[in-house]
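Written below as structure tokens is the structure these notes are about.
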Amino acid sequence: MKYHEFGTENKTTLLLLHGVDTTWRLSFERFIETAKSKYHIIAVAEDGFDPDEPDVDATSVTDEAHKITEYLVRHFDGKIDIILGESLGGMIMTEILLDPRIKVHTAIADGFTILEYPHLRHDLPKRVIAAVLADIELFAFRHMKLFNKILGEDIDSMIYKQTSKATLYALEYSMMPYRYKYEAFNLSDSYIWHGEKEPGLWHVIKKIDRSKYHFSHRVFLNRGHGSLLMEPERLLREVDLAYKGYKGRSKTR
């Protein structure tokens with residue numbers, strides 16, 4: 001796993017975690033160019049999604065989070081001002097937040113999607129399901145234009161089409177017993193962002209008990225999954241506002 005830093009002369013740290021089947025560069029390159037004059041950016045090249053390390057596969061969300069956590073403890077004493085986790089990166093973010101050595105001021109899960117599988121007692125069904133899902137994902141990611149309506153946005157330009165089946169299989173297999181750690185949102189000034197068009201919006205509204213877990217939910221009209229990554233200036237403004245502490249659930253045009 002590699003870490004790419006920009007704007008190191010700046011005091012405020014911003015950790016960037018990309019989603020599944022993309023890369024740090026495909027997701028964040030335009031945003032980094034816009035934000036590096038203001039923030040000290042740490043962009044993580046997650047295992048399985050790094051063209052510089054094509055033979056390294058991902059193993060699980062928790063393993064990825066553990067590696068990143070150890071890096072933050074070693075190099076930043078566990079203190080980060082802002083984490084922006086995109087899609088799967090938001091799940092990794094929650095795992096990082098739960099480590100008691102980590103202190104984060106502002107945590108943002110953009111496009112946070114809840115996909116919990118039923119508990120399966122036996123290993124064989126898990127392996128079969130993980131293999132089938134990995135094949136479906138490979139097909140979808142390599143023909144993303146067919147699936148843009150599901151996500152509510154054309155994100156084909158951000159897809160890393162060299163992702164291996166081994167990586168997707170490992171991530172799917174690791175998700176079989178996984179349950180989301182919503183309590184992580186209570187450990188920082190936390191935000192969940194969604195585009196109005198993405199289905200993950202309704203999963204959060206229906207499944208997360210707002211009386212127990214504390215976060216602000218921001219919904220962006222006329223946008224889908226990952227839309228703000230295509231608007232780097234707008235994304236920077238929203239990160240700025242979150243860090244300054246805008247509160248409450250609101251809709252933004």
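Where a number appears in this text, it was derived from the coordinates with a stated rule and is not lab data. Treat the numbers as computed from the prediction; the structure is a model and nothing was measured. When we count neighbours, we look across all protein chains shown, and the Cβ atoms used for this are built from the backbone with ideal geometry, even at glycine.
Please go through segment 36-66 and give me each residue that is farther than 16 Å from Thr167 by Cα and touching an Asp or Glu at 6+ places or on another chain (Cβ under 9 Å), ordered by number.
Listed by number, the residues that qualify are Lys38, Tyr39, His40, Ile41, Ile42, Ala43, Val44, His66.
What are the residues in segment 210-249 that are in contact with a Phe, Trp or Tyr (Cβ under 8 Å, 6 or more places away or on another chain), surrounded by fewer than 16 Cβ atoms within 10 Å (Cβ to Cβ) and among the charged types (D, E, K, R), if any?
Selection gives Lys212 alone.
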